[in-house]
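What follows is calculated from the coordinates using simple rules that are stated; it is not laboratory data. Everything numeric in this text was worked out from a predicted model, so none of it was measured. Positions of Cβ are generated from backbone atoms using ideal geometry, with glycine treated the same way; all protein chains shown enter the neighbour counts.
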Amino acid sequence: METTRSRRGNQPRPLGGRRFGLLLALAAILLVGIIGWLSLTGRLAGLQYANVPIVHPYPPAGYVVNPFTGDARDLVKAADAQQVKSDLLRDGDLQLAAFAQGSTAVLPQTATGNYLAKLNQTVAANNAQGVVYREQHHLDSVVVGRLPDPNAPTSIVWCVEERGSGQSAYVSKSNGQTLSSYRFRSQAKFWLTRVGDRYLVADADVSVTRES
Amino acid sequence: MRFRIVAAILCAGAVVAFGVVPAYAESIGNGSVTTVGPKTTGATVSQGTAGFDGGGTQAASESKTNGQPSQPVGGGAVGSGDGSDLVVRQIPFNQVPIGGIDGGNGLIINNPGAMRQACPAGQTGFFVGSANNNAAFQVVCVPNQAPAPPQATTVSPLQLAEQASARQPWPNLLVSANPGVGLTGLASWFWCAGNAAMADASASSGPLTVTVHATMTDVTWRFGDGTALSGDLGRAFPTPSDIQHVYETDSAGLRQGYQLIASVRWRVSFSVNGGPFSDLGLKTRDYLTSYLVRQLQPQAVSVP
């Protein structure tokens, strides 16, 4: 039998069985009421997305909530997102190097589809003017997630949003002098698609603000 | 005559007390009484032999704090070790009555019309007497301590210059490159961002003050692929830098890419006490960064 100690004389005394039963019943009623209320308001289903440390961590290990939707039910695999990010950074570095050289040879390793065509056109235009393009930039943020490409919403879904600033320069191919330069801030969305074992840039929405 | 004998004995006792007892001064001030006793801790006043002159007893070869007159104790009762106490008090204004001193407690008899200088210039006078014998006080003249001679310089100007040079803070320079990731066959531009000027620094010892001045002379660029170039700091983007390098191989086998080293050299000169500058030598500091270089290698890729 459960007992407690009385304050006087440290004598054991029986716990009120009736009172205990009453408390138990009240707790059960409260629990049923809460579950009923959650169910009636449609919130019961959301419990599976609740993040309860140790008991029910959410998102599960290896997944992150898609930053473009913020919907807890929309998860992306962290490893995939990391590869998309690193591939885009590598693609961007190579594209800038190609611009600096005025060569299109490396571009197919970095882009595909319409975006590749656009890059080729840009290099060709620069070459026609006898200049190459160089850029020095700093990225403030890089966000990776799933966001359908407006031009191919069903097939191209990986998107990387970059925000940053930098300085661009057009350099004469003949004498190596900088002909013009300006500072800029940029916000760009790049859509990538997997080609072989690598993600290539398939589309882009770039917004550049010139500062000087 | 009797007075002279007693005074001489007391004076000798005082000298013995000063010479033997490691005295200490608790507080020395105008008119304050300081107790000096044996075998206690505190600042030690070392004193030597005593001599006599016409004005009284002169203690010679003392040493104490710089700039202060070397005084036996500043005033107070001195334990002589034989049970009798000595009273020592600085003579106010270095003036004593021509007729002598009296008063039983070391005070001068107020006789403003007949005063004389107690001690010669450069010395400080003290009344020394026995607390048990009010009638016997003597004037003790103690030479004022001369300022300490300048210490012999043990550090050479060259050593001082090296000390000062070592204190010069290195400039914060950042090795930068364009493009951020290199490409084989493409000229990369390099430069050091920041101010390479180094602040002057000084070091002193005794009468010597040495100032050093550093001027950047040149920069040796090592590009990590076995090639090197001597030049300057380069020019920051978007100006085409005069420090350019074309990599022929990529850095695929290197975890962090090529290690780029800019060794910046400064010529250091030094001046002693504001004099003309002399050459001290060169000093060098390496500024490092890692640089990835990729291979420009057209390859077939499948296009959906």
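Annotations
- Longest DSSP-loop-exposure-free segment, GluC sites (Glu not before Pro), chain A, at most 12 other Cβ within 10 Å: A:3-210
- Residue B:201 long-range amide H proximity, modeled H, under 5 Å: B:212
- Under Karplus coefficients 6.51, -1.76 and 1.60, residue-wise ³J(HN,Hα) of segment A:203-212 in Hz, glycine/proline x: 7, 7, 10, 10, 10, 10, 10, 6, 10, 7
- The packing ranking of peptides B:246-257, A:26-37, B:219-230, highest mean first, is B:219-230, B:246-257, A:26-37, where packing means the average number of other beta carbon atoms within 10 angstrom of each residue.
- Cut-off under 5 Å, modelled amide H: who pairs with residue B:209 long-range: B:273
- Backbone geometry of segment A:111-118 corresponds, through the Karplus equation with coefficients 6.51, -1.76 and 1.60 at θ = phi - 60°, to 3J(HN,Hα) couplings of 8, 8, x, 5, 5, 4, 4, 5 Hz, x marking Gly and Pro.
- Other protein chain C-beta atoms within 10 Å of residue C-beta, averaged over B:181-192: 4.
- The mean count of C-beta atoms from other chains within 10 Å of the C-beta of residues in A:168-176, rounded to a whole number, is 2.
- Shape class of segment A:77-210 from the Cα gyration tensor (axes a ≥ b ≥ c, square roots of the eigenvalues): prolate, since a/c reaches 1.5 or more and a/b is larger than b/c.
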